[in-house]
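Structure, as structure tokens:
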Ligand SMILES: Cc1cc2nc3c(=O)[nH]c(=O)nc-3n(C[C@H](O)[C@H](O)[C@H](O)COP(=O)(O)O)c2cc1C
């Protein structure tokens, strides 16, 4: 599948996840077979004001490529400036957030608020398209009611403005994660829009991705929550699509991945900060394993990479006995 002029090796995409999909997370997802990784949402305003911390969120490396960088905001000029910065920073795709419904973001007119402002949407998309050469995508929810009419309207504007693909998570802005994603709206979107549609919402198992592709006709699939602690879902989806049986993840792969995740987090964030972050993150990988509560409890105290690695090894040895 192609997004603009960019060809993806696989039609699996990992979702932008604020507070989670940083570079170390994306590296393990990529290594586990994902076709396209996405950054956390990044504030266009903070980029425009020169925040170093925000600029660092665009930090990337060759091993994770291609990378989609997502920005959010509502001012067309600031959004275009931020878009240019993402291109300059080496993003392979620029994505705009139209789905976030956190109060503060909505109040600023960004995220899902844009889904009821077609004029501003058009101004933002036109300005950005004129300024960047890299492929350009948007990520939508269904809008402000169940019908999906807001999403269809914004998608048409996007298509007319030269946007290269649309990710569609068919839940309303007010729905959060409650209820079920209405995949029939993805089918309807596919029928109305000719640029590629990346289907998103409720892919919990590899088989769900295959069902979404078959039921909706979407061009690619994005998984978010299911990849937290289970990055291998992307390879497993690809295996199913190739007609292969799914191989379960063996313990060695699982625990090696945890160590590499810790190691790259230390490399990018410094040892103490990374260890603080990894106290909860390493626990994602041991869900459902025997005596995992003991590991989860002990990992909450790590201050160094060596301590983390020792606990991972100790738990691995316990499980391998
Ligand atoms: C912790 C968390 C953070 C998220 N952050 C973002 C974000 O930064 N940008 C965005 O467009 N969507 C974000 N989302 C929504 C996901 O990208 C995705 O659309 C949603 O989780 C539905 O997919 P899933 O059912 O596969 O999880 C977030 C979701 C979660 C659970």
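Every read-out reported here was derived from the displayed coordinates using simple, explicitly stated rules and does not represent laboratory data. Source: prediction; values computed, not measured. When we count neighbours, we look across all protein chains shown, and the Cβ atoms used for this are built from the backbone with ideal geometry, even at glycine.
Points to keep in mind about this one:
- More than 24 Å apart - percent of Cα-Cα pairs taken over region 34-170: 22 percent
- Peptides ranked, highest mean first, by Cβ atoms within 10 Å: ranges 178-190, 8-20: 8-20, 178-190
- Average Cα contact separation per residue, the chain, under 8 Å, 6 or more apart, as relative contact order %: 14 percent
- Among 133, 127, 2, 139, the order by Cβ neighbours within 10 angstrom, fewest to most, reads 133, 2, 127, 139.
- With N the number of residues in region 204-320, Rg(Cα) / (2.2 N^0.38 Å) evaluates to 1.22.
- The sum of -39500 (n - 2.57) across all DSSP H runs of n ≥ 4, divided by the residue count of the chain, sets its helix-only mean residue ellipticity at 222 nm to -13500 deg cm²/dmol.
- In the chain, the longest principal axis of the Cα atoms and the axis of helix 76-88 are about 50 degrees apart.
- Choice from 101, 21, 292 with maximal GNM fluctuation in the chain (Cα, 10 Å cutoff): 292
- For the chain, the longest principal axis of the C-alpha atoms and the axis of helix 206-216 are separated by about 10°.
- Label-to-label distance, nm, for residues given as residue 84 and residue 272 (7 Å Cα→Cβ offset): 3.9 nm
- Extension gain for the segment residue 260 to residue 103, taken as residue separation times 0.36 nm less the Cα-Cα distance, is 53.0 nm to one decimal.
- Equivalent-ellipsoid semi-axes of the chain, from the Cα gyration tensor, Å, largest first: 33, 23, 17
- Highest average first, the peptides 34-47, 244-257 ordered by how many other beta carbon atoms sit within 10 Å of their residues are 34-47, 244-257.
- Taking region 176-321 and dividing mean pair separation by its residue count, relative contact order in percent (alpha carbons under 8 Å, at least six apart): 17 percent
- Considering only 293, 142, 74, the mean-square fluctuation computed in a Gaussian network model of the chain, springs between alpha carbons under 10 angstrom, is largest for 293.
- Per-residue Cβ neighbour rank within 10 angstrom, fewest leading, 268, 49, 261: 49, 268, 261
- Pairs of alpha carbons in region 251-320 whose separation is greater than 15 Å (percent): 45 percent
- GNM flexibility winner over the chain from 227, 291, 82 (Cα, springs under 10 Å): 291
- Rounded FRET efficiency, nearest 0.05, which uses the C-beta distance separating residue 300 from residue 191 and R0 of 41 Å: 0.25
- Using the Cβ-Cβ distance between residue 51 and residue 6 with R0 = 22 Å, the FRET efficiency computed as 1/(1 + (r/R0)^6) comes to roughly 0.20.
- Fully extending the segment from residue 147 to residue 204 would add 18.1 nm, taking 0.36 nm per residue of separation and subtracting the current Cα-Cα distance.
- Under 16 Å from a label point set 7 Å out along the Cα-to-Cβ vector of residue 250, the amide N atoms of region 302-321 belong to 316-317, 319-321.
- Length gained on full extension, residue 119 to residue 239: 38.9 nm, using 0.36 nm per residue less the C-alpha separation.
- When the alpha carbon gyration tensor of region 93-166 is reduced to an equivalent ellipsoid, its three semi-axes come out at 19, 14, 10 angstrom, largest first.
- Convex hull volume of region 135-175 per residue (C-alpha atoms, cubic angstrom): 49 Å³
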